[in-house]
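Quick notes on the structure that follows.
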Amino acid sequence: MQEEISLGELAVRFGLTLRGSPEHKVSHVATLSQATPGSLSFLANSRYRKGLKDTRASAVVVSAAEAEGCPVVALITPNPYLAYARIASLLHPQMRATPGNHPSAVVARSARIHSSASVGPLAVIEEEVELGERVEVGPGCIVQRGARVGADTRLIARVNLYAGVSVGQRCILHAGAVIGADGFGFASDRGTWVKVPQIGSVRIGDDVEIGANTTIDRGAIDDTVVENGVKLDNQIQVGHNVTIGAHTAIAGCVGISGSTTIGRRCMIGGGVGIAGHLTIADDVVVTGCSLVSASIKHPGSYSSGMPTVETRMWRRMVAHLRRLDRKER
Amino acid sequence: MQEEISLGELAVRFGLTLRGSPEHKVSHVATLSQATPGSLSFLANSRYRKGLKDTRASAVVVSAAEAEGCPVVALITPNPYLAYARIASLLHPQMRATPGNHPSAVVARSARIHSSASVGPLAVIEEEVELGERVEVGPGCIVQRGARVGADTRLIARVNLYAGVSVGQRCILHAGAVIGADGFGFASDRGTWVKVPQIGSVRIGDDVEIGANTTIDRGAIDDTVVENGVKLDNQIQVGHNVTIGAHTAIAGCVGISGSTTIGRRCMIGGGVGIAGHLTIADDVVVTGCSLVSASIKHPGSYSSGMPTVETRMWRRMVAHLRRLDRKER
Amino acid sequence: MQEEISLGELAVRFGLTLRGSPEHKVSHVATLSQATPGSLSFLANSRYRKGLKDTRASAVVVSAAEAEGCPVVALITPNPYLAYARIASLLHPQMRATPGNHPSAVVARSARIHSSASVGPLAVIEEEVELGERVEVGPGCIVQRGARVGADTRLIARVNLYAGVSVGQRCILHAGAVIGADGFGFASDRGTWVKVPQIGSVRIGDDVEIGANTTIDRGAIDDTVVENGVKLDNQIQVGHNVTIGAHTAIAGCVGISGSTTIGRRCMIGGGVGIAGHLTIADDVVVTGCSLVSASIKHPGSYSSGMPTVETRMWRRMVAHLRRLDRKER
C-alpha cells in the first residue's frame, strides 16, 4: 500500500528546498514524537515545536523560520501543512474499489452506471440514477430515484441521496450523511401544522466533502446549493434553500436555517447557529458556538461564544447582567 | 406526475377570492422570481415582496393587503402560506410505493403486515412487528421486534425503530432517524458507571414528522412520548422520558434532556438546549440557541441566544462582564 | 423474559438492608407512581419523593433517610440508584442474539468471527475483520476492512465501523454511530482546500457506550482514543486525535474539536462545545451549553450557558452589555 520515495524526488516533485541528503527514503508519515527512521514528519503549528528537536523522523517538512531547529533532513516550504498534505496523499494513496455492482446490491434496470463505477454490498440504486466514471458507492448506501453522482465521487458507506439530488465530481460523502430530506416547512392552520411539500432538490458542486451524519435538506421550491470546494464536517444541519459559497469550510455541529446565503471562502467554527433568511458576505470567519442572527455585510471575524469560567463565578456574572438591566430601567 | 388545474377550480376548492380570469391553468408551483407561465406562486413573507411586481407566474396566492401589487391573477386569502401548502400538495402529489415486500427485504414470519403496505429493498422487519394500511417502509429501514407503525405512515429510508416502539398514523420519518435507542442512564459506583437498563419504550402519536438523523430515546421505565401533530426537524436529540405536547414544532439541532415535559403548541428554535426534569408550559416560544435551564410556567417568548458582533468587540464585552463581577464583590 | 425473585434474595445478593417481609416476590421494575403489586421501585431523587407515600409497589429501594416514609417493604442502601440498576438488570436481562451469520449478511472470507458471535441480517463484514466471543453485530451494521471488536460488545443496528477501527469488550454502540470517518483536515492553498489524508484510526476501550448517531473521527496520523468506561450519549461529535479519559460521561449534542484531551471521570453536560488542542483535567464538570475555549487545569465545575429570560428582557440585557463596552472605551 505504501511506496518508498527519496527526499530528493519529493523536493523536486513538490518544489521544496532540501537541506540535507537527497538519498534518504521515506515510506510513511508520522507525528514528530512518534516518528521513526523512514518517517516523514512536519511542523506547521508552533504549539508542537518542542517535538522537533528530539524527532527520529528521516525528514521534516518545515518553514524556513523553523528549519534552524530541525535535527534531521529538512524539506523547506512557506506552507508546510500543504506540502505535508500532498506528500501524505502520495505515501498513503486511497484504495480504489473494484468496478462493478456487488451481487447483493439492488440496482434498478434504468440506472445508468458507468462501467468503471462500483456499487458496494447491500447498496440500493433506484430508477434513473446516474453514476459517473469511477464513482464508488459504498456498502449500505441508498441512492434514490433520479439522483446523479459525478465522476470520482465516493459515497463511503450508508449515505442517503434522496430523489433527484445531484452531486458533482471528486466529492467525498461520509457515513450517515443524508442529502435531500424534506426541509422543515409547515403552514399554521389554527394551532395545527400543514405540511408544505418540499419539491426543490439539492445541488452539490465539485470537490465537496460532507462529514458523517451531516444533513442537507432539499429546497422548498428552488434548490439548496452547495458550491464547489465546500468542506462540511460531521453532524452539520443545512436547511432548505441555503446556499453555501465556494470553498467555505464549516466545522462540526453547525446548524444553518432555511434560505440563508453564506459567501465564499468563509470559515464557520464548530457549534455555530445561523438564523434563516440571512446573507453572509464572502471571507467571513465566525468563531465557535456563536449565534449569527443578522446578516453580515463585511468580511472579518465575528463571535458570540461565551467562554467558561468557574460555575460559581458564572452564576454571579449572570446575576450582574440581569441586575444591570434593572438598574438602567 | 403533475396535474393541470384551473384557477377557478383552485379558488372554489380552497375558498380563495379570485381576482382575474378563472380560465387560466397552472401545473406547478414556483417562487415569484423563477415562475413562468403555468406556475402558481405565493407571497407570504414581506421580505420577498419585491419579486411580486415582475413575476411571470400565471397566478399568485396573496393576502388582501398585498393583492394591490400583484400584476397577474391573484388568489386572495388571509393565510397565503397555508393555501399555497394545500395547492402545492395537489399539484405535486406524493408518489406511493407499490404494496408488498421487496424480495431483498428480510421479513420475519410473525410480522403482521397489511396487504396494502410496502416494505422496500434491504429493509429488515423483525418478529411481531405490525405495519398498518398503506404503511411505507423505505429502503434500508430496520424495524425491530414488536414495533408498531400506524396507517399511512412513511419511513423514508434507513430509519431505525428499536424493539417495541410505536408510531401513529400519517407520520413521516426521514432517513437516519433512530427511535428507541437506550436513554443515557448510568448509576455511579465509586468512579465507574453501571448501566441502568432502559426498559420503557417510545410512543409517537399521529401526524408527527421526524427529521433526518433525529434521535428519540426510549424511556428508562415509563415511555418517552411524542404527541399528535408534533413536527421535529433534523438532528434533534430527545432524551428518555421526555414528553412533547401536541402540535409543538422544534427546529434543527435542539437537545432535550431526560424527563422534561414540553407543552402543546410550543415553538422551539434551532440549536436550543433544554435541561432535564423541567416543565415547559403550553404556547411557549424559545428563540434559537437559547438554554432553558429552569421550568417555564407562562406562555410567551424566551431567549438567551447571544448575537455575534465583531470578534474584537466581543472579547471586550466578555472582559467587561468579568470585570463587573470583580467590581461588585 | 422476566424472572421472579424474593425480596430476601435481593437483599442478600446486593447487600441491602431489608425492612419488611423477605417473602414477597417482585417480577419487574416500575416508577413509584406506576407500580403495582409485583413491582420493585426506587427513590433516588428527592424530586420524586411525593410518589413514595402512595406507591403500590411491593418494595422500594431507598436510602436510610427516606426509609421512614416508605409505606411498603424497603430495601435500604446508601446508593439506591446503583442498587436499582443492578436489580433491574437481573429482572430485565438483555436478550442475546443467536450465534452465527444471518444468511442475508455479506461476510468476507478472511473475517475471523468467533463461533459464539452473531452477525445480523443485511450486515456487512469486510476483509480481515475480527469479532470476539459473543459479539453481536445487529442488522444493517457495516464493519469495514480490518476493524476489530472485543468480546461481548454489541453493535445494535446500522452502526458503521470504518477500516481499522478497534472496539474493546462489553461495549454497546447504538444505531447510526459512525466510528472512524475522516477527521476534518484540510490545508489551505490560495483560497482552496487540499485534503489532508486521515491515516490514523480510532481505539475504543472496554465498557464504553456510544449513543445513537454519535460520530468519532479517525486520527490524522496518530489515533483518536476513547478510554475504558467512557459513556457517550447521542449525537456527539468527537474530532480527530481527541482523547477521552476513562469513566468520563458526556451528554448529548456535545462537540469536541480535534486534538483535545479530556481527563478521567469528567462529566460534560449536553450541548457543550470544546475547542481544539486543549487539555482538560481529571474530575472536571462542565454544565450544559457551555463553551470550553481554553484548557482547564483544575478539577471543579465550569459554566457559560446563559439561561433564558423573557425575550424582551433578553434584548435589553444584550443592549446593556454592548453599551457597557462603549462606555468604558
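Before moving on, here are some points about what is shown:
- In the condition set (1) touching a Ser or Thr at 6+ places or on another chain (Cβ under 6 Å); (2) under 18 Å from residue B:314 (Cα atoms), residue A:247 is compliant with all but (2).
- Top-ranked residue in the stretch C:88-113 [being loosely packed, with under 15 Cβ neighbours inside 10 Å and touching an Asp or Glu at 6+ places or on another chain (Cβ under 6 Å); ranked as nearest to residue C:11 (Cα to Cα)]: C:112
- Considering residues of the stretch B:51-76 that are within 14 Å of chain A (Cβ to nearest Cβ) and not in a strand (DSSP E or B) only, the residue farthest from residue A:201 (Cα to Cα): B:63
- Verdict on residue A:241 being in a loop (DSSP other than H, G, I, E, B) and either without any contact (Cβ under 8 Å) to a residue 24 or more places away in the chain or under 15 Å from the mean Cα position of the chain (by Cα) (or both): no
- Residue match in the stretch C:111-123 (condition: in a strand (DSSP E or B), among the aliphatic types (A, V, I, L, M) and under 19 Å from the mean Cα position of the chain (by Cα)): no
- Applying the criterion of being away from chain C (no Cβ under 13 Å) and surrounded by fewer than 21 Cβ atoms within 10 Å (Cβ to Cβ) to the residues of the stretch A:24-35, the residue that is nearest to residue A:68 (Cα to Cα) is A:24.
- All positions within the stretch A:10-23 that are farther than 14 Å from residue A:61 by Cβ and open to solvent by 90 Å² or more (accessible area, probe 1.4 Å): A:12, A:23
Here is a yes/no grid of residues against (1) in a loop (DSSP other than H, G, I, E, B); (2) more than 12 Å from chain C (Cβ to nearest Cβ):
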residue: B:194; (1), (2): no, no
residue: B:197; (1), (2): yes, no
residue: B:207; (1), (2): yes, yes
residue: B:221; (1), (2): yes, no
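- Sole exception among (1) touching a His at 6+ places or on another chain (Cβ under 9 Å); (2) within 30 Å of residue C:144 (Cα to Cα) for residue A:82, by number: (1)
- Any hit, the stretch C:23-31, residues being more than 30 Å from residue C:97 (Cα to Cα) and either of a type in the set (Phe, Trp, Tyr) or in a loop (DSSP other than H, G, I, E, B) (or both): yes
- Screening residue C:81 on (1) over 15 Å from residue B:221 (Cα atoms); (2) modelled with pLDDT of 95 or more; (3) assigned to a helix (DSSP H, G or I) shows it passes everything except condition (1).
- The stretch B:187-197, residues that are of a type in the set (A, V, I, L, M) and open to solvent by 10 Å² or more (accessible area, probe 1.4 Å): B:194
- Failed item, numbered, when residue B:234 is tested on (1) open to solvent by 10 Å² or more (accessible area, probe 1.4 Å); (2) farther than 21 Å from residue C:307 by Cα; (3) within 13 Å of chain C (Cβ to nearest Cβ): (1)
- Criterion (within 18 Å of the chain's Cα centre (by Cα) and open to solvent by less than 60 Å² (accessible area, probe 1.4 Å)) met by exactly one of C:292, C:309, C:318, C:286: C:286
- Per-region count, the stretch A:160-212, residues in contact with a Phe, Trp or Tyr (Cβ under 8 Å, 6 or more places away or on another chain), within 30 Å of residue B:78 (Cβ to Cβ) and of a type in the set (A, V, I, L, M): 3
- Of residues in the stretch C:209-219 being open to solvent by less than 10 Å² (accessible area, probe 1.4 Å) and either more than 10 Å from every other protein chain (Cβ to nearest Cβ) or of a type in the set (A, V, I, L, M) (or both), the one farthest from residue B:177 (Cα to Cα): C:216
- Filtering the stretch A:244-267 to residues that are of a type outside the set (A, V, I, L, M, F, W, C), surrounded by 24 or more Cβ atoms within 10 Å (Cβ to Cβ) and assigned to a strand (DSSP E or B) leaves only A:255.
- Within the stretch B:284-329, the set of residues being part of a loop (DSSP other than H, G, I, E, B), in contact with a strand residue (DSSP E or B) (Cβ under 7 Å, 6 or more places away or on another chain) and more than 7 Å from every other protein chain (Cβ to nearest Cβ) comprises B:295, B:299.
- If the condition is being open to solvent by less than 20 Å² (accessible area, probe 1.4 Å), within 13 Å of chain A (Cβ to nearest Cβ) and either in contact (Cβ under 8 Å) with a residue 40 or more places away in the chain or part of a loop (DSSP other than H, G, I, E, B) (or both), then the stretch C:151-165 contributes C:157, C:158, C:159, C:162, C:165.
- Given (1) more than 10 Å from chain C (Cβ to nearest Cβ); (2) modelled with pLDDT under 95, index of the condition residue A:93 fails: (1)
- Annotation note: Cβ proximity below 9 Å between a residue of the stretch B:99-114 that is within 11 Å of chain C (Cβ to nearest Cβ) and a residue that is polar (S, T, N, Q) and open to solvent by less than 60 Å² (accessible area, probe 1.4 Å) (sequence gap 6+ or interchain) occurs for B:104/A:104; B:104/C:104; B:106/C:104.
- Residues that are within 7 Å of another protein chain (Cβ to nearest Cβ) and surrounded by fewer than 18 Cβ atoms within 10 Å (Cβ to Cβ) within the stretch C:268-283 comprise just one, C:277.
- Residue B:136 fulfils the conditions (1) among the acidic types (Asp, Glu); (2) more than 9 Å from every other protein chain (Cβ to nearest Cβ); (3) out of contact with any Leu (no Cβ under 9 Å at 6 or more places or on another chain) except for a single criterion, (3).
- Scan of the stretch C:58-82 for residues that are touching a residue at least 60 places away in the same chain (Cβ under 8 Å) and either surrounded by fewer than 24 Cβ atoms within 10 Å (Cβ to Cβ) or of a type in the set (D, E, K, R) (or both), ordered by number: C:73, C:76, C:77
- Scanning the stretch C:166-186 for residues that are facing chain A (nearest Cβ under 10 Å), in contact (Cβ under 8 Å) with a residue 24 or more places away in the chain, in contact with a strand residue (DSSP E or B) (Cβ under 6 Å, 6 or more places away or on another chain) and open to solvent by 10 Å² or more (accessible area, probe 1.4 Å) turns up nothing.
- Within the stretch A:124-137, the set of residues being open to solvent by less than 10 Å² (accessible area, probe 1.4 Å) and either part of a loop (DSSP other than H, G, I, E, B) or of a type in the set (Lys, Arg) (or both) comprises A:129, A:135.
The values are calculated or read from the model by the stated rules, or taken from the named source; none is laboratory data. Keep in mind that this is a model prediction, so the values were computed, not measured. Positions of Cβ are generated from backbone atoms using ideal geometry, with glycine treated the same way; all protein chains shown enter the neighbour counts. Heavy atoms of the whole protein, side chains included, go into the accessibility calculation; ligands, DNA and RNA do not. Shrake-Rupley method; radii C 1.70, N 1.55, O 1.52, S 1.80 Å.
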